[in-house]
Amino acid sequence: MESAPLIVLDAVCKDYGALRVLSDISLNIRRGEVVCIIGPSGSGKSTLIRCINGLNSIQSGSIKVGGLEVNDEKLDKLALRKRVGIVFQQYNLFPHKTALQNVAMAPRIVLREKKGVVEARARELLAKVGLAGKEDAYPLELSGGQQQRVAIARSLAMRPEVMLFDEVTAALDPEMVKEVLSTIKDLAKDGMTCVLVTHEMNFAREVADHVYFMDKGVIVEHGPPDQMFVEAKDARTRRFLSQVL
Ligand code: ADP
Ligand code: MG
């Protein structure tokens, strides 16, 4: 039996002042699904994923994550933050904390878990993102790609059910893009539900179960990657892809 979708957006609208940034966005994401959101700069991709974990409020419509109504005023924000991890282009690690401390901090402070338990998990997570041996390194002693992988481990330390990635490789040198993408690919393979805003079209094509193309605040079209990248129906999608492929 098909289970209920983990993330449900229904007719979501979001304005910044007079500007409508998201217009009537509806989508469903199933548990374990890998979804890529592509589209030109300014089309609303970041706004959309920030709405999913409640960083941005919306004007109308509804967003549900695992049954939690994200825009319910009474929502326990911590419950949502635990469920939904987010990683940005800027990794924003604490510079005066080691990799291990960066990963262990939120579970210690927010979840009040025991130090030994949290540190053991932080070690495991650092190993999982390919950083065994770097536990005691400070961010400045790590490359951009390594710092971004610490940021991913930090997010995973909260045991999220969903991971949101907003152009996490956009600030990295090309040789580091691959290591970060391969970390995300491993997560996806392990069954993590992933929503990625990305300009890495080859990656999207290889890893995504479903691709959404956004332009000017609307979902223009969506479908499995083979359909989107080979036989997109809408002229806007085709034009965008011809510019980036
Ligand atoms: P993308 O991630 O696709 O580049 P964004 O979601 O960042 O697009 O932005 C969508 C639109 O919303 C843009 O026109 C942008 O200028 C506007 N925008 C984003 N954040 C803000 C904000 N905090 N205040 C006002 N306008 C914003
Ligand atoms: Mg963006």
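The values are calculated or read from the model by the stated rules, or taken from the named source; none is laboratory data. Since the structure is predicted, the reported quantities are computational estimates derived from the model, not experimental observations. With ideal geometry, Cβ positions are generated from the backbone for all residues, glycine too; neighbour counts draw on all protein chains shown. Heavy atoms of the whole protein, side chains included, go into the accessibility calculation; ligands, DNA and RNA do not. Shrake-Rupley method; radii C 1.70, N 1.55, O 1.52, S 1.80 Å.
Considering the conditions (1) within 16 Å of ligand 1 (Cβ to nearest atom); (2) touching a helix residue (DSSP H, G or I) at 6+ places or on another chain (Cβ under 6 Å), residue 176 is excluded by exactly one of them, (1).
Residues of the range 183-200 that are within 16 Å of ligand 2 (Cβ to nearest atom) and surrounded by fewer than 19 Cβ atoms within 10 Å (Cβ to Cβ): 199 alone.
Give just the number: which of (1) open to solvent by 30 Å² or more (accessible area, probe 1.4 Å); (2) modelled with pLDDT of 95 or more; (3) more than 15 Å from the chain's Cα centre (by Cα) does residue 86 not satisfy? It fails just one condition, (3). Take the residues in the range 140-156 that are open to solvent by 10 Å² or more (accessible area, probe 1.4 Å) and over 15 Å from the mean Cα position of the chain (by Cα); name whichever of them is nearest to residue 77 (Cα to Cα). For the range 140-156, the residue satisfying everything is 147. Exactly one residue out of 159, 108, 121 is within 22 Å of the chain's Cα centre (by Cα), among the charged types (D, E, K, R) and in a helix (DSSP H, G or I), and it is 121.
So in the range 44-74, with the set limited to residues that are among the hydroxyl-bearing types (Ser, Thr, Tyr) and open to solvent by less than 60 Å² (accessible area, probe 1.4 Å), which one is farthest from the chain's Cα centre (by Cα)?
Taking the candidates together, the pick is 60.
The residue pairs whose first member lies in the range 81-108 and is closer than 14 Å to residue 142 by Cα and touching a residue at least 24 places away in the same chain (Cβ under 8 Å), whose second member is open to solvent by less than 10 Å² (accessible area, probe 1.4 Å) and among the small types (Gly, Ala, Ser), and whose beta carbons are closer than 7 Å, counting only pairs six or more residues apart or on different chains, are 91/151; 93/151; 100/122.
The listed residues are 193, 198, 183, and the only one of them that is under 30 Å from residue 24 (Cα atoms) and touching a helix residue (DSSP H, G or I) at 6+ places or on another chain (Cβ under 9 Å) turns out to be 198. Residues in the range 91-109 that are of a type in the set (Val, Ile, Thr) and open to solvent by 20 Å² or more (accessible area, probe 1.4 Å): 109 only.
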